[in-house]
Amino acid sequence: MSLEIKKQDGYFGGAQQQVRPGHNEMLFYGMGFFGIILIWTMVGTFLTFYYTDIAGIPAAIVGTLMLVARLLDGVTDIGMGAIVDRTKTKYGKARPWILWLAIPFAISGVLLFSVPDLSMTGKIVYAYVTYFLLILTYTAISIPYKTLLGLMTQDQKGRTLVNIYTGVFTMLSTILVMTLAQPIASSIGGQLGWTVVSIAIALIIIVTCLTAFLKTKERVDIETIAQAKKKIAFTTEFKGLLTNKYWIIITIYCVIAYTLNALLSGAGIFYATYILGNTGYFSLIALTLFLPTIIGFFFVGKLVQKYGKRNIALVVSLAAILGSVVKLIDPTNLTVFLIGNVIQGLALLPIVTFLYAMINDTTEYGEWKSGFRTAGLVNSAASFGMKVGAGIGGALIGWLLAYGGYVGALAEQTAAANNMIIVLNLHLPLILTILQVILLWLYKLDKLYPTILAEINQRKG
């Protein structure tokens with residue numbers, strides 16, 4: 001590869017690896033995530049409801065599908081991370097995958113929310129095939145996208161800033177879907193309404209992802225493209241990953257956090273419909289859940305620089321425990337529920353704003369400990385934890401609803417079904433938030449990171 005091509009595509013070595021991306025580059029990186037999160041929020045928030053109440057698939061079958069699909073998703077994450085680490089193109093390791101997968105990923109989202117009028121067996125087979133297709137395309141675009149964050153800069157504050165930009169777009173994307181998708185789909189009516197919403201999202205995905213590909217640069221670990229590098233066996237890389245204690249902690253945190261997120265988003269529409277008595281309340285529930293994140297964006301950058309990512313995550317998780325307790329005061333009171341929702345929503349702040357920065361920080365710890373760098377594998381393996389968590393959350397919704405005797409589209413549910421909806425929205429989130437606090441207490445990497453990075457750079461000369 002010529003020096004001219006390297007300059008054009010942003011491949012610089014040495015100190016350039018710690019250069020912070022400019023405002024526009026951060027903006028376009030976040031914009032790309034906006035499109036990806038649109039369909040992912042649709043899946044996490046409405047797919048269970050869509051399958052049970054629109055397509056008419058039994059809740060127990062939906063729960064099993066959610067878990068099986070996410071476990072497959074997690075396995076493919078590991079493989080995709082290894083592929084990204086071995087990708088060598090003039091565009092870099094991660095960026096070309098965003099180009100290649102934008103359109104297939106967008107199409108898979110439309111197919112997912114277009115279950116045809118078939119027999120029950122046909123619907124189930126269609127649901128499995130299209131969900132697996134979405135999982136594969138999502139993995140192939142999201143793992144490189146997350147890895148790109150670690151390749152844009154090695155500067156810790158720079159990564160945090162990029163992650164905050166991403167968080168802004170993630171929050172906007174999530175709020176738009178959670179507040180507008182159901183009303184728009186309902187106004188159009190039936191199956192067609194959800195298909196139309198998914199087509200609109202697909203068009204946005206294509207535009208935002210291609211823009212992000214064109215407007216971002218990779219700066220870190222470029223020596224793998226510029227010169228020959230000794231190949232490291234995947235088994236060696238994986239063993240090295242298992243010695244990275246902070247990666248293990250943050251991955252378990254991802255499992256817990258995404259299980260919690262799946263419950264708060266996916267089970268909320270059932271709570272609004274059957275416990276609070278109005279499906280339309282779900283838009284209000286979604287808005288209040290993200291209100292702390294909206295406010296937090298104005299302060300989180302300075303707070304993280306002053307106190308560190310882990311400390312902020314720990315404090316907001318402790319506060320979120322209080323939010324769950326407030327909801328338990330009167331589970332059928334909308335006002336009480338919304339107040340608790342605002343407080344509980346604090347737990348989402350780290351996920352939306354700087355979780356990926358924390359994950360990528362463990363890359364340097366792993367390199368410092370093992371002597372080799374596996375940014376793709378770190379991101380894919382942590383993403384595996386996210387997928388497992390989301391799968392567990394989705395499965396719990398389907399299984400517990402079925403255990404309570406839930407039947408989709410009924411005007412009223414049985415007392416047992418309503419009790420399960422309350423468990424999914426109140427009791428389980430409280431337990432999961434307590435587990436988050438314990439894990440964050442064990443995470444000490446923020447203080448060690450500057451010393452670790454200095455030693456790595458000293459080794460490289």
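A few remarks follow.
- All of ALA382, ALA357, ALA347 fail the test of being touching a Cys at 6+ places or on another chain (Cβ under 6 Å) and surrounded by 24 or more Cβ atoms within 10 Å (Cβ to Cβ), apart from ALA382.
- Residue in region 412-419 that is in contact (Cβ under 8 Å) with a residue 40 or more places away in the chain, assigned to a loop (DSSP other than H, G, I, E, B) and buried (at least 24 other Cβ atoms within 10 Å of the Cβ) present: no
- In region 148-190, the residue that is farthest from THR273 (Cα to Cα) out of those that are modelled with pLDDT of 85 or more and hydroxyl-bearing (Ser, Thr, Tyr) is SER173.
- Pairs are defined by a Cβ separation below 6 Å, a sequence spacing of at least 6 or placement on different chains, a first member in region 260-288 that is touching a residue at least 12 places away in the same chain (Cβ under 8 Å) and under 21 Å from GLN436 (Cβ atoms), and a second member that is among the aromatic types (Phe, Trp, Tyr) and in a helix (DSSP H, G or I); the pairs so defined are GLY268/PHE282.
- Against the conditions (1) closer than 20 Å to MET80 by Cα; (2) modelled with pLDDT of 85 or more; (3) surrounded by fewer than 19 Cβ atoms within 10 Å (Cβ to Cβ), THR251 satisfies every one except (3).
- When GLY393, GLY408, GLY389 are checked against the criterion of being within 23 Å of TRP40 (Cα to Cα) and either touching a strand residue (DSSP E or B) at 6+ places or on another chain (Cβ under 6 Å) or assigned to a loop (DSSP other than H, G, I, E, B) (or both), a single residue qualifies: GLY408.
- Scope region 319-344; condition surrounded by fewer than 22 Cβ atoms within 10 Å (Cβ to Cβ) and of a type in the set (Ser, Thr, Tyr); matching residues: THR332, THR335
- Residue check for TYR406: closer than 22 Å to THR64 by Cβ, aromatic (Phe, Trp, Tyr) and at pLDDT below 95: yes
- Set LEU151, LEU172, LEU136, LEU192: member being out of contact with any Phe, Trp or Tyr (no Cβ under 9 Å at 6 or more places or on another chain) and under 18 Å from TRP40 (Cβ atoms): LEU136
- Selection over region 56-105 of residues that are part of a helix (DSSP H, G or I), within 24 Å of PHE46 (Cα to Cα) and more than 21 Å from the chain's Cα centre (by Cα) gives a count of 3.
- Residue check for VAL316: under 23 Å from the mean Cα position of the chain (by Cα), assigned to a helix (DSSP H, G or I) and free of Cβ contacts under 8 Å to residues at least 40 places away in the same chain: yes
- Scanning region 145-171 for residues being under 14 Å from the mean Cα position of the chain (by Cα) and either surrounded by fewer than 20 Cβ atoms within 10 Å (Cβ to Cβ) or of a type in the set (Lys, Arg) (or both) gives a total of 1.
- Output for region 83-102, where each listed residue is within 23 Å of PHE238 (Cβ to Cβ) and hydrophobic (A, V, I, L, M, F, W, C): ILE83, VAL84, ALA94, TRP97
- For region 348-363, the count of residues that are part of a helix (DSSP H, G or I), of a type in the set (Gly, Ala, Ser) and in contact (Cβ under 8 Å) with a residue 24 or more places away in the chain is at least one.
The values are calculated or read from the model by the stated rules, or taken from the named source; none is laboratory data. Bear in mind that the values here come from a model prediction, so they are computed numbers and not experimental data. Please note: Cβ atoms are built from the backbone with ideal geometry, for glycine as well, and neighbour counts cover all protein chains shown.
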